[in-house]
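> Here you go, one structure.
Laboratory data are not the source of any read-out in this text; all were calculated from the coordinates shown. Keep in mind that what you see is a predicted model, and the values were worked out from it rather than measured. Cβ placement follows ideal geometry from the backbone for every residue including glycine, while neighbour counts extend to all protein chains displayed.
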Amino acid sequence: MDLGIEGKVALVTAASAGLGFASAKALSEEGCRVAINSHDGSRLDAAVTALDGDPLALTADVTDPDAPAALVASTVERFGGLDILIANAPGPPRARALEATDDALLDAVEANLLTSVRLVRAAVPHMRAAGWGRIVLLTSVAIKEPIPDLAASSAARTGLWAWAKSAAQDLIDDKITLNVLAPGLHDTDRVRALGHTGPTGDPADFGRIAAFLCSVHTGFLSGVALQVDGAGTLGLL
């Protein structure tokens, strides 16, 4: 299927590896002009060489409060606009609910809620000017079924999902969709570092799902949280 996004400009954050990179790779294969971000310059340089086209590498810590606006501005300066945003950020360390300190919870909210909100705020004016946009926020299946030993992540990402649900209503009349992707276990460095075992998904497959949500075919698909977890989530909602 032709996704109809050849030539569109996309920004993908935390994209030097894992699901962020897989999403950027899928968009580049569809002909998008892609900017990718990471705090690790050496990993970012390696990732850029694996993308199609002439990607833009933006080294920054996306969780720095000033970084989202700067990343959007750099993307627009290079490519002349911004049509697609895939917002991703590093996840917090393990902790059960009663073990999570105030600082750990605040760090999680900063990284896994406010970072995405800031990115959306910075991106939306450019999409409104173009009369078209696609926004995908990468979260976790924890927004559907909390993960006991990732309590800070579960709390912050669920808050982002609640915010996104409202924001999607504010954007649909502008022909901008906003959806959430909630991955389960995939074969990434993050999952391996957390010590998870058992079946895992292929990041490349996840990336293609993200790219589809950014396609011209999804103009009436908005405000959705889609888990990509190999039927691992047991909840009905």
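> Amide H of Ala225 versus every other amide H placed in the peptide plane: which residues, excluding those fewer than 5 positions away on the same chain, fall under 5 Å?
Distant-sequence amide H within range of Ala225: Val180.
> Select one label from (i) 33; (ii) 27; (iii) 48: the one whose number is percent of Cα pairs over 27 Å apart as derived from the coordinates shown.
Answer by label: (ii).
> Can you sort Arg157, Arg208, Arg192 by how many other beta carbons sit within 10 Å, fewest first? Spell out each step's value before the answer.
Numbers: Arg157 31, Arg208 18, Arg192 11.
If I rank by nearby Cβ atoms, fewest first, I get Arg192, Arg208, Arg157.
> What's the exposure ranking of Phe206, Phe79, Phe21, going from fewest to most Cβ atoms within 10 Å? Write out the running numbers ahead of the final one.
On the way: Phe206 23, Phe79 20, Phe21 26.
Starting with the residue having the fewest Cβ neighbours, the order is Phe79, Phe206, Phe21.
> Work through the residues other than Pro148 whose Cβ is under 11 Å from its Cβ and net out their charges, Lys, Arg +1 and Asp, Glu -1. Don't skip to the end; give the middle numbers.
On the way: positive: Arg94, Arg96; negative: Glu99, Glu145, Asp149.
So the environment of Pro148 carries a net charge of -1.
> At a threshold of 8 angstrom on Cα-Cα distance, excluding pairs fewer than six apart, so keeping six or more, what relative contact order does the chain reach in percent?
That works out to 22 percent.
> If you build a Gaussian network model of the chain, linking Cα atoms that sit under 10 Å apart, which residue out of Ala60, Ala22, Ala129 swings the most?
For the chain, modelled as a Gaussian network with Cα springs under 10 Å, the answer is Ala129.
> Sequence gap of 8 or more, or different chains, plus Cα separation below 19 Å: how many lysine pairs satisfy both in the chain?
Numbers: Lys8/Lys25; Lys8/Lys175; Lys144/Lys165; Lys165/Lys175.
Here the count comes out as 4.
> Still on this structure, I have one more. Let me know the charge dipole size of the chain about its Cα centre in debye, to the nearest 20, where only the beta-carbon of Lys, Arg (+1) and Asp, Glu (-1) is charged. Please report the intermediate quantities before stating the final value.
Values: 18 positive and 28 negative charges, 78 e Å.
Once rounded to the nearest 20, the dipole reads 380 debye.
> Pop the C-beta distance of Asp2 and Ala97 into the FRET formula with R0 = 35 Å and round what comes out to the nearest 0.05.
On the way: r = 46 Å, r/R0 = 1.31.
Efficiency, rounded to the nearest 0.05: 0.15.
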